[in-house]
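Inspection log for the structure reproduced underneath, given as structure tokens.
The values are calculated or read from the model by the stated rules, or taken from the named source; none is laboratory data. Because the structure is predicted, anything quoted here is derived from the model rather than measured. Heavy atoms of the whole protein, side chains included, go into the accessibility calculation; ligands, DNA and RNA do not. Shrake-Rupley method; radii C 1.70, N 1.55, O 1.52, S 1.80 Å.
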Amino acid sequence: MAELPKSYNSQETEEKIYKNWESNGYFHAQVNPQKTPYTIVIPPPNITGILHMGHILNNTLQDVFIRWKRMQGFEACWVPGTDHAGIATQNVVDKALRKEGTTIRELGREKFLERVWEWRTQYGGTINTQLRKLGVSCDWQRERFTMDEGLSNAVKEVFVRLFDKGLIYRGKYIVNWCPREQTALSDDEVNSVERKGHLWYIKYPIEHSVESIIVATTRPETMLGDTAVAVNPKDDRYKHLIGKNVVLPLANRVIPIVADDFVEPTFGTGAVKVTPAHDPNDYQAGIRLNLPQIIIMDTSAKMNKNVPLKYQGLDRYECRREVLRDLEKENLLVKTEDHVHNVGHCYRCDTVIEPYLSDQWFVKMKPLAEPALKVVLDGKIKFYPERYTKIYENWLTNIRDWCISRQLWWGHRVPAYYAPDGNFTAARSLDEAYEKLKIKSPNIKKEDIRQDDDVLDTWFSSWLWPFSVHGFPEQTDDLKYFYPTDTLVTASDIIFFWVARMIMAGLEFMGEVPFKQVYFNSLIRDGQGRKMSKSLGNSPDPIEVIGTYGADALRFTVMFLAPEGQDVLYENEKCEIGRNFANKIWNAGRFLMMNRDQLPIENDQLAIVGSKPSEDLTDQWILSRFNSTVKDVTNAVENFQIVDAVKTLYDFLWKDFCDWYVEFVKIRFQESNDVHLKRAIINRALKIYEETLKLLHPFMPFVTEEIYQHLAERKTGDTIMRASLPAVDTTLIDTEIETQMDFLQNVISQVRTIRSEMNIPPSKTIDFVASCNDFDKQTLLENNRNLLQKLCKLESISIGTALPKPGYSASSVVKGQEIFVPLKGLIDVDVERERLQKEIDRLEGQLKGVMAKLTNQSFVGKAPADVIEKEKSKQQNFQQTIEKLKINLEQLVG
RNA sequence: GGACGUUUAGCUCAGUUGGUUCAGAGCGUUCGCCUCACACGCGAAAGGUCGUAGGUUCAAGUCCUACAACGUCCACCA
């Protein structure tokens with residue numbers, strides 16, 4: 001086989017490999033009664049979205065789980081798709097239209113929707129093309145879109161069901177209104193920004209009295225819509241005024257003074273003007289106190305006919321100036337204070353949000369929330385990290401009704417129908433609406449029925465995602481087989497908007513939880529911990545990163561950096577971790593294959609290994625380490641501890657396998673003249689290597705596949721992504737072997753340290769003396785002279801019991817065994833003295849701690865016997881080692 | 001204001017039920033090496049009173065309490 005290039009080239013391999021996987025249908029899952037399904041539904045990215053770093057970790061993790069389960073023999077199904085993203089998409093197209101000199105309204109609903117669909121066809125798939133570059137093994141044949149026909153049917157179906165059940169109602173509500181976009185916004189579409197404003201103190205005269213009451217407000221123009229003044233019932237200053245009326249200045253209306261707990265006596269004057277139609281708090285108070293609601297602005301935030309004539313038609317801010325001027329004239333403006341407060345802004349156009357009273361559709365959430373809370377508290381759905389359970393509980397127990405209507409055109413049109421007489425109903429179709437409305441309005445004509453103009457909140461389709469993608473409301477085979485799904489991987493910021501609602505919908509419409517585990521992945525921030533944002537320009541383009549470092553490198557790096565439940569501080573350069581690792585793996589394989597391929601061709605290839613267990617210590621050791629690794633990685637993945645899994649693999653491959661085992665193999669291979677032995681050595685190494693690649697594959701799919709294909713002649717369809725994960729053989733995990741190896745490695749490291757500290761040139765060979773007091777350790781050294789000799793560059797080796805210390809030698813004590821490196825003429829006595837003294841000091845410190853315990857009567861009296869024993873043996877070891885080091889220090893020169 | 005989280009080496013983080021040489025890793029830094037897989041590499045070193053103050057315990061990085069700093073979410077005082 002041809003020799004591999006010197007370093008792994010991700011660009012040359014990734015696309016080729018992905019195409020092969022996808023075109024052969026390896027990602028496709030189907031109903032298979034022989035297998036257990038494992039399902040993930042992707043958090044559908046917006047069609048307006050382009051791939052950003054946030055998607056990377058999220059989708060990498062899903063891919064890890066899917067590939068892992070697939071290699072475990074599950075029917076692994078990962079359903080991809082996109083979200084129609086109401087406002088975002090409408091805005092994008094709106095912008096395009098404006099460039100062309102037209103507007104949404106000019107175009108009209110139908111034409112506009114055509115345009116959006118066109119746009120979607122052209123650009124809506126961008127993100128999925130990009131996702132493929134990450135190597136995700138989504139079942140692209142199952143790709144769904146929240147507005148496609150099936151999902152739209154699901155939306156209608158649940159709307160009607162909820163309506164018929166009385167869980168959807170129409171009502172007035174204060175919504176976040178953007179006067180520029182002309183639509184309601186959900187709370188998450190509002191950015192709260194701290195702004196410097198003013199607090200104005202306004203005098204309201206009491207009716208039939210010379211007294212007055214002063215209120216403080218940040219929005220004086222809304223006084224024109226006041227319908228009460230509220231004070232705290234416990235506030236002695238105002239108790240006598242409760243029940244009286246004030247004459248509202250400028251508007252000259254008489255409004256009552258009322259009492260309510262929501263008033264904070266310490267803020268402002270302790271008296272609040274109440275504007276139920278233009279403030280969410282006042283709205284709530286207004287409901288409690290049964291106050292009228294006066295809407296004083298139109299949808300563009302211009303004052304309407306409910307205010308005195310002189311203010312009508314003014315913009316809210318113009319009106320504010322006028323109102324203040326007029327109040328001043330009438331001597332009713334008592335004072336003005338600077339005041340910093342939070343103001344809601346539209347996340348699209350940054351216009352200040354106007355709380356606006358309007359007709360909206362709502363879902364009653366309480367009946368849905370209760371079962372949804374129960375399944376999480378009962379552990380039927382588990383959250384990782386677990387602490388999100390509390391956050392979830394908190395939200396669900398204080399849940400408020402869900403405003404589901406949006407004044408947009410792009411989205412699922414509200415399937416509600418109105419009769420001319422005002423009756424309305426919800427229906428899956430006009431015909432159904434007609435049948436339903438006929439009952440209440442017998443004289444109705446079908447053509448007079450009007451469908452609601454609004455569309456539904458985008459989340460109203462997303463919350464059905466786990467089952468709508470599989471054909472709901474039809475009871476399809478897919479739905480029966482793949483639902484409930486297994487693991488949901490998402491960011492924690494949509495726990496309420498999406499996760500909680502999916503749980504509710506799953507229970508309500510399927511009678512079954514939508515998934516069993518929710519894994520909340522970390523948020524990606526920049527190197528300074530700031531959020532990634534376009535305006536900061538700190539959001540790297542993942543496609544560029546993949547081009548530079550490779551998809552595996554990016555995947556590995558974000559997993560490697562992502563602490564559980566914490567944010568990831570990411571910068572592009574960190575991808576070197578992943579790239580270097582991929583390259584390391586590549587070269588280990590390259591080296592092993594090079595050695596194998598120089599041997600005469602035989603048919604046994606990999607078969608020979610496994611037939612007979614190796615008696616070689618290094619083989620036994622690496623098998624032990626390998627099986628530990630399989631065990632640990634498996635545990636970590638099953639418990640969603642991905643960083644641990646990734647680090648375990650990294651350490652095993654780099655340290656155990658490359659730094660030590662491959663070095664051992666080199667030596668053994670070079671020493672041997674027996675072709676069969678050589679083949680056995682190299683094939684054993686390759687076998688472990690190949691199995692490790694499989695274990696690593698879910699994390700780094702491309703490089704592992706590429707090497708796998710080079711490792712042997714593969715038949716069509718023999719691909720690593722369809723291989724089985726290595727099974728752990730715990731009988732091969734051998735602590736005795738590992739202890740022996742640990743000793744050997746320590747000895748080698750000590751000699752290397754001496755070389756380094758004494759500035760021995762790497763090319764120079766040195767002598768080595770080991771004076772042992774432990775027969776097993778002595779034998780161990782004897783048996784591995786070859787390794788010592790090569791790895792420490794030794795000229796001569798003498799191993800024995802109680803050997804004398806050669807003059808002018810550097811020394812060290814490893815597990816009670818003394819090692820000497822005679823360095824006459826080379827030794828720097830001062831350096832060696834310092835080195836030994838430092839070690840003595842360190843050990844004496846440790847000894848002191850041990851002695852303190854052992855002389856402490858309460859420790860000896862109360863600690864368990866085995867702990868005391870351990871301390872005693874530590875004491876002995878420390879003392880003996882210190883003693884040896886001290887002697888060596890004294891005899892340094894002699 | 002409420003809830004949650006974090007605080008360990010210059011940086012980013014591990015440290016599972018308190019007790020194995022427990023004070024660790026990677027990056028960065030320093031020193032030496034292009035050693036026939038890999039300089040995207042190899043070998044070695046320096047570097048920390050584990051946020052602060054108490055407490056529990058024979059024993060605390062680990063458990064409890066308070067405080068501080070930072071972060072996130074929720075609710076937001078008009």
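Here are some notes:
- Based on the convex hull around the alpha carbon atoms, the range A:173-307 presents an average projected area of 8.8 nm².
- Looking at the range A:228-280, the accessible area is 42 square angstrom per residue; that uses a 1.4 Å probe and ignores ligands, DNA and RNA.
- Ranked order, A:Ile294, A:Ile127 - accessible area, probe 1.4 Å, largest first: A:Ile294, A:Ile127
- Here the Kirkwood formula puts the hydrodynamic radius of the range A:536-607 at 14.6 Å, using every distinct Cα pair.
- The string of couplings for the range A:868-881 from the Karplus curve (6.51, -1.76, 1.60, θ = phi - 60°) is 5, 4, 4, 5, 5, 6, 4, 4, 4, 4, 4, 4, 5, 5 Hz, one whole number per residue in order, with x for Gly and Pro.
- Solvent-accessible surface (1.4 Å probe) assigned to A:Glu118 amounts to roughly 110 Å².
- Here the range A:788-851 and the range A:482-505 have alpha carbon centers that stand 60 Å from each other.
- The range A:447-561 - Rg over Rh from alpha carbon coordinates, Kirkwood radius: 1.11
- Chain A: C-alpha pair distances exceeding 53 Å, %: 37
- 3J(HN,Hα) along the range A:27-38: 8, 6, 10, 9, 4, 9, x, 6, 10, 8, x, 9 Hz, from the Karplus curve 6.51 cos²θ - 1.76 cosθ + 1.60 with θ = phi - 60°, whole Hz, x for Gly and Pro.
- With all pairs of separate Cα atoms included, the range A:676-715 yields a Kirkwood hydrodynamic radius of 10.8 Å.
- Under Karplus coefficients 6.51, -1.76 and 1.60, residue-wise ³J(HN,Hα) of the range A:263-268 in Hz, glycine/proline x: 6, 8, x, 7, 8, x
- Accessible area per residue, Å², the range A:682-775 with all protein chains present, probe 1.4 Å: 40
- Per residue, in Å², the accessible surface of the range A:406-496 once ligands and nucleic acids are set aside, probe 1.4 Å: 39
- Exposure of A:Thr855 as accessible area (Å², to 10), given a probe of 1.4 Å and all protein chains: 90
- Between A:Ala271 and A:Ala216, the built amide H atoms are under 5 Å apart, and every one of these is 5 or more places off in sequence or on another chain.
- Stokes-Einstein D for the range A:400-477, Kirkwood Rh over Cα pairs, 25 °C, 0.890 mPa s (µm²/s): 174
- Diagonalising the gyration tensor over the Cα atoms of the range A:792-873 and scaling each eigenvalue by 5 before taking the square root yields semi-axes of 36, 16, 8 Å, largest first.
- Note: the range A:613-665, Cα convex hull, 51 Å³ per residue.
- Over all Cα atoms in the range A:233-351, the spread is summed up by Rg and Dmax: 15.8, 48 Å.
- Here is the size of the range A:537-657 from its Cα atoms: Rg then Dmax, 18.1, 59 Å.
- Beta bridges by DSSP in chain A, antiparallel share as percent, to the nearest 5: 70
- Convex hull volume per residue for the range A:5-145, taking Cα atoms only, in Å³: 147
- In the range A:352-400, Rg over Rh equals 1.16, where Rg is the alpha-carbon radius of gyration and Rh the Kirkwood radius from pairwise Cα distances.
- As a length-normalised measure over Cα pairs under 8 Å and 6 or more apart, the relative contact order of chain A settles at 12 percent.
- Rounded percent of accessible protein surface that carbon and sulfur make up, chain A, 1.4 Å probe: 48
- Spread of Cα-to-Cα distances over 10 Å intervals beginning at zero, given as percent, for the range A:667-811: 9, 26, 26, 22, 13, 3, 0
- Rounded if a/c under 1.5, otherwise prolate or oblate - the range A:722-807, Cα gyration tensor axes: oblate
- Solvent-accessible surface (1.4 Å probe) assigned to A:Met593 amounts to roughly 10 Å².
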